[in-house]
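These notes are about the structure you will find just below.
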Amino acid sequence: GLFKSYFHSSAVTQIKQLGVVGAGQMGIGIALVGAKVAQLPVKIFDSNPEQIKKGLKFMDELIVKDVSKDRITEEEGNSTKKRITTVKDISELSDVDFVIEAVSENVDLKRKLFENLDKVLNKNSILATNTSSISITKIAAATKRSEKVIGMHFMNPVPVMKLVEIISGLTTSDETLNITKKLATSMGKICTQSQDVPGFIANRLLMPYINESIIGIATREDIDTTMKLGTNTPMGPLTLADFIGLDTCLAIMKVLHNELGEKYRPAILLQKYVDSGLLGKKTGEGFYKYN
Ligand code: CAA
């Protein structure tokens, strides 16, 4: 009775509502699989209303395509849309059980956000970050609930890619880990677990590969064709870098460089592209031009 429920109230055991912070390509993808696959109500927050508008439009297009390709019925498309709402203030996330943060890859921004989320959220709620390289332990330390903070790293494009890397920080509880794995599974994903190390598994291996492709071994086309046809990967490294976003690639390389040393120094040309605002597919131009 009361006694038991008192002890069980220490954590959320069933997620009834999801929150997503950040309406960029990752946040929107996460919100979509949360609503469509896990069938959870999802609240999205982004401090930039323009980004929310753009994100929702993109999500609508993905849902329309799912329906037109008979992957879901029109009714399922409509109910998916109905499960997704947007909020104007972070305090409106107070009733969600699980928040996934997907803002840009900046440690100060993420720590500030986690500090604020910690203040407004129910004390039992779990706070996950989609960081691709920043220490979970460091982000968790900005809160008073570090046992309920965890890394949940989705791959781009989220609706298509099967993987989620899960990363416990130094003090993340097993209960938080188990709930997070269950959530990822209900979103249709397969989980791997990484140590809380710079870049985790995926970016520790992927980013040095991309960075190494920016040092001028051959033409961009020959570099990409070699890796695409020579190693059966869907995109060559330069195309993939454009697709991920050159600013994101640079931010991750900087974390690897700072934490792990000289071997990981970002390519000079990568920095130049970012400085010039050529960030890849999202800005219409990176190593290649897009329309
Ligand atoms: N959001 C949702 N769906 C998307 C999408 C996006 N941003 N981009 C592409 N897709 C969908 C397409 O709409 C298409 O769906 P349909 O089947 O409905 O048509 C599907 O993906 C396949 O796309 P295409 O047929 O156009 O092209 P493709 O066969 O080349 O597949 C791809 C596209 C899935 C992106 C494929 O090229 C691929 O797997 N590329 C490598 C992706 C990758 O490595 N991602 C990991 C990046 S690293 C990362 O994310 C971690 C990090 O921290 C940086």
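The values are calculated or read from the model by the stated rules, or taken from the named source; none is laboratory data. All values reported here derive from a predicted model rather than from experimental measurement. Please note: Cβ atoms are built from the backbone with ideal geometry, for glycine as well, and neighbour counts cover all protein chains shown.
Can you report the number of residues in the range 184-228 which are of a type in the set (Asp, Glu) and touching a Cys at 6+ places or on another chain (Cβ under 7 Å)?
0
Working carefully through the options VAL96, VAL67, VAL103, find the one that is within 14 Å of the ligand (Cβ to nearest atom), touching a residue at least 60 places away in the same chain (Cβ under 8 Å) and within 19 Å of GLY34 (Cβ to Cβ).
Among VAL96, VAL67, VAL103, only VAL103 is within 14 Å of the ligand (Cβ to nearest atom), touching a residue at least 60 places away in the same chain (Cβ under 8 Å) and within 19 Å of GLY34 (Cβ to Cβ).
When the residues of the range 144-161 are narrowed to those that are more than 6 Å from the ligand (Cβ to nearest atom) and in a loop (DSSP other than H, G, I, E, B), which ends up surrounded by the most Cβ atoms within 10 Å (Cβ to Cβ)?
Filtering first and then ranking leaves VAL158.
Applying the selection to the range 246-264, what residues are in contact with a helix residue (DSSP H, G or I) (Cβ under 6 Å, 6 or more places away or on another chain) and touching a residue at least 12 places away in the same chain (Cβ under 8 Å)?
Answer for the range 246-264, where residues must be in contact with a helix residue (DSSP H, G or I) (Cβ under 6 Å, 6 or more places away or on another chain) and touching a residue at least 12 places away in the same chain (Cβ under 8 Å): LEU246, ASP247, CYS249, LEU250, ILE252, MET253, LEU256, TYR264.
Would you confirm whether or not the range 175-182 contains a residue that is in contact with a strand residue (DSSP E or B) (Cβ under 6 Å, 6 or more places away or on another chain) and either within 16 Å of the ligand (Cβ to nearest atom) or at pLDDT below 95 (or both)?
No, because not a single residue in the range 175-182 is in contact with a strand residue (DSSP E or B) (Cβ under 6 Å, 6 or more places away or on another chain) and either within 16 Å of the ligand (Cβ to nearest atom) or at pLDDT below 95 (or both).
Are any residues in the range 44-76 part of a helix (DSSP H, G or I), more than 14 Å from ILE28 (Cα to Cα) and touching a helix residue (DSSP H, G or I) at 6+ places or on another chain (Cβ under 8 Å), and if so, which ones?
VAL64, ASP66, VAL67, GLU74, GLU76, listed by residue number.
Would you mind stating whether GLU101 is at pLDDT 95 or above, surrounded by 15 or more Cβ atoms within 10 Å (Cβ to Cβ) and farther than 24 Å from GLY188 by Cβ?
no
Just checking, how many residues over the range 199-221 are touching a helix residue (DSSP H, G or I) at 6+ places or on another chain (Cβ under 7 Å) and either closer than 16 Å to LYS162 by Cβ or away from the ligand (no atom under 12 Å from the Cβ) (or both)?
6
I'd like to know if the range 256-278 contains one or more residues that are within 11 Å of the ligand (Cβ to nearest atom) and surrounded by fewer than 20 Cβ atoms within 10 Å (Cβ to Cβ).
no
Can you tell me which residue is nearest to the ligand (Cβ to nearest atom) among those in the range 70-87 that are of a type in the set (Lys, Arg) and in contact (Cβ under 8 Å) with a residue 12 or more places away in the chain?
The residue in question is LYS81.
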